[in-house]
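Report on the following structure.
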Amino acid sequence: MAKKKILLIYTGGTIGMSKTSNGYAPMLEAFHETLRNIPDLYSDNMPAWDIIDMDPVLDSSNMTVREWNKIGEVIRDNYNSYSGFVVLHGTDTMAYTASALSFMLEGCDKPVVLTGSQIPLCEIRNDARDNLITAMLIAADSKVHEVCLYFGGRLIRGNRAIKASSDELTAFASPNFDYLAEANIEVKYNSKLLRKKSDRSFSLRKLKNVPIGVIKVFPGIQFELFDSIMVESLKGVVIETFGTGNIPDTGDALLPIIRKAAANGTVIVVCSQCPRGAVSLGAYEVSSALEKAGAVSGNDMTTEAAVAKLYYLFSCGYSQKTVKKKMAENLRGEISLV
Ligand code: ASP
């Protein structure tokens, strides 16, 4: 039987970095040289692979909608030529890119696995080698039909992932959804959680640079300072509230702003600062007013997924009313509906 063939898309990140006088920076030639020096990558037990580099390669802190579109275009242009895709990416914004791609790659039924590492592949002791090899094997396996993230032994649905640790090798968590697979002695898939093959044909929805904002509530927040950006500048705002969707209701500043923003066409999504659990508007008096003022519950979505979903829905050209309605719907497994 012919070997499966996968495509690696190298965007940058620690996995491909080397030390410079200003700290670690992503490298192109040096990374390719390191890959050439790992014989296991060319073993009979590995899929065949090609690699395409982004130009330039980036620290993922510099990722924007433009780079998400470029990654999407590479996948679209090569979709029929490969069994799966591995996106090599920095860890800092990997959960955002994974969320964005999960929406942008409409009807995707091939594995798209994002991975990276906390220690560069060129270092003697690193987590990069296992992350890379296991991600490649998952991308060549036909079990996964969605965008996911592999890191430190865990395969996570892309739009459920968060970067949970800045220095541990198990850097990513999936606080509100079980892992799609765990890689121990064997890679064990959680088959009932994997998405079914899509019945839509594949297409890429490119994103527009829609003005989106995230506001984290804290004790003493002076909401009036956010009035003009929420009302006039932004099309979508994710408010990271306390607990189940609670905001301070003394001072009466936020609700009039939310009402004005909603009337002005801004979609306000309520997420929680707690990684685990869901928003439940109306559970407390301090949250019920949010809903009445026109905000929509993000339920158990991560902020990363909510931001990416806002970009996606506005890029689809939907009206404010439709964006609001769809924010509460389950589009790609990003939200649990009861
Ligand atoms: N700053 C790096 C990045 O996100 C961190 C990493 O890759 O671990 O590109």
Exercise. Give the residues of the range 128-145 that are farther than 16 Å from residue 31 by Cβ and either within 11 Å of the ligand (Cβ to nearest atom) or touching a helix residue (DSSP H, G or I) at 6+ places or on another chain (Cβ under 7 Å) (or both), sorted by residue number.
Key: 144
Quiz prompt | Counted residues, the range 1-17 - those being surrounded by fewer than 21 Cβ atoms within 10 Å (Cβ to Cβ) and near the ligand (Cβ under 7 Å from one of its atoms) | solution = 0
Self-check item: Scope the range 306-321; condition in a helix (DSSP H, G or I) and surrounded by 14 or more Cβ atoms within 10 Å (Cβ to Cβ); matching residues
Solution: 306, 307, 308, 309, 310, 311, 312, 313, 314, 315, 320
Quiz item: So which residues in the range 261-286 are over 22 Å from residue 212 (Cα atoms) and among the hydroxyl-bearing types (Ser, Thr, Tyr), if there are any at all?
Solution: 280, 284
Exercise. Kindly check whether there is at least one residue in the range 40-56 that is within 30 Å of residue 212 (Cβ to Cβ) and exposed (fewer than 14 other Cβ atoms within 10 Å of the Cβ).
Key: yes
Quiz item: Among the residues of the range 53-65 satisfying the criterion of being part of a helix (DSSP H, G or I) and touching a helix residue (DSSP H, G or I) at 6+ places or on another chain (Cβ under 8 Å), which is farthest from the ligand (Cβ to nearest atom)?
Solution: 65
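Among the residues that make up the range 118-127, is at least one of them in a loop (DSSP other than H, G, I, E, B), among the basic types (Lys, Arg), within 16 Å of the ligand (Cβ to nearest atom) and over 21 Å from residue 302 (Cβ atoms)? Talk me through it step by step, then tell me what you get.
In the first step, residues of the range 118-127 are kept if they are in a loop (DSSP other than H, G, I, E, B); the result is 118-127.
Now drop any that are not among the basic types (Lys, Arg), which leaves 125.
In the following step, the residues that additionally are within 16 Å of the ligand (Cβ to nearest atom) were identified as 125.
Still in the running and over 21 Å from residue 302 (Cβ atoms): 125.
The answer is yes, given that some residue of the range 118-127 is in a loop (DSSP other than H, G, I, E, B), among the basic types (Lys, Arg), within 16 Å of the ligand (Cβ to nearest atom) and over 21 Å from residue 302 (Cβ atoms).
Between 98, 173, which is over 26 Å from residue 210 (Cβ atoms), at pLDDT 95 or above, within 16 Å of the ligand (Cβ to nearest atom) and not basic (Lys, Arg)?
Working: 98 fails: over 26 Å from residue 210 (Cβ atoms).
On inspection, the qualifying residue turns out to be 173.
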Self-check item: Search result, residues across the range 194-206 that are open to solvent by less than 60 Å² (accessible area, probe 1.4 Å) and in a loop (DSSP other than H, G, I, E, B)
Solution: 194, 198, 202
Quiz item: Could you count how many residues in the range 66-92 are among the β-branched types (Val, Ile, Thr), surrounded by fewer than 24 Cβ atoms within 10 Å (Cβ to Cβ) and touching a helix residue (DSSP H, G or I) at 6+ places or on another chain (Cβ under 7 Å)?
Solution: 1
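For (1) of a type in the set (D, E, K, R); (2) without any contact (Cβ under 8 Å) to a residue 40 or more places away in the chain; (3) part of a strand (DSSP E or B), each residue gets a yes or a no:
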residue: 6; (1), (2), (3): no, no, yes
residue: 10; (1), (2), (3): no, no, yes
residue: 15; (1), (2), (3): no, no, no
residue: 25; (1), (2), (3): no, yes, yes
residue: 33; (1), (2), (3): yes, yes, no
residue: 40; (1), (2), (3): yes, no, no
residue: 45; (1), (2), (3): no, yes, no
Exercise. Would you tally the residues in the range 207-232 being surrounded by 12 or more Cβ atoms within 10 Å (Cβ to Cβ), assigned to a helix (DSSP H, G or I) and not charged (D, E, K, R)?
Key: 5
Quiz item: Of the residues that sit in the range 249-288 and are outside any helix (DSSP H, G or I) and hydroxyl-bearing (Ser, Thr, Tyr), which one is least open to solvent (accessible area, probe 1.4 Å)?
Solution: 266
Quiz item: All but one of (1) open to solvent by less than 30 Å² (accessible area, probe 1.4 Å); (2) among the aliphatic types (A, V, I, L, M); (3) within 16 Å of the ligand (Cβ to nearest atom) hold for residue 112; which doesn't?
Solution: (3)
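Of 96, 79, which residue is part of a helix (DSSP H, G or I) and within 13 Å of the chain's Cα centre (by Cα)? Give the derivation first.
Values: 79 fails: within 13 Å of the chain's Cα centre (by Cα).
96 is the lone residue from the list that is part of a helix (DSSP H, G or I) and within 13 Å of the chain's Cα centre (by Cα).
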Practice problem: Give the range 322-338 a look and list any residue that's surrounded by 14 or more Cβ atoms within 10 Å (Cβ to Cβ) and among the acidic types (Asp, Glu), or say none. | Solution: 334
Exercise. Find all pairs meeting these conditions: Cβ atoms under 8 angstrom apart; at least six residues apart or on different chains; first residue within the range 47-58 and within 9 Å of residue 8 (Cβ to Cβ) and touching a residue at least 12 places away in the same chain (Cβ under 8 Å); second residue open to solvent by 40 Å² or more (accessible area, probe 1.4 Å) and away from the ligand (no atom under 15 Å from the Cβ).
Key: 49/5; 50/5
Practice problem: Would you mention how many residues in the range 82-93 are within 16 Å of the ligand (Cβ to nearest atom) and either outside any strand (DSSP E or B) or free of Cβ contacts under 8 Å to residues at least 24 places away in the same chain (or both)? | Solution: 5
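The values are calculated or read from the model by the stated rules, or taken from the named source; none is laboratory data. Since this is a predicted model, take the numbers as computed values, not measurements. Note: ideal-geometry Cβ built from the backbone for every residue, glycine included; neighbour counts use all protein chains shown. We work out accessible area using only protein heavy atoms, side chains counted, and drop any ligands, DNA or RNA first. Shrake-Rupley method; radii C 1.70, N 1.55, O 1.52, S 1.80 Å.
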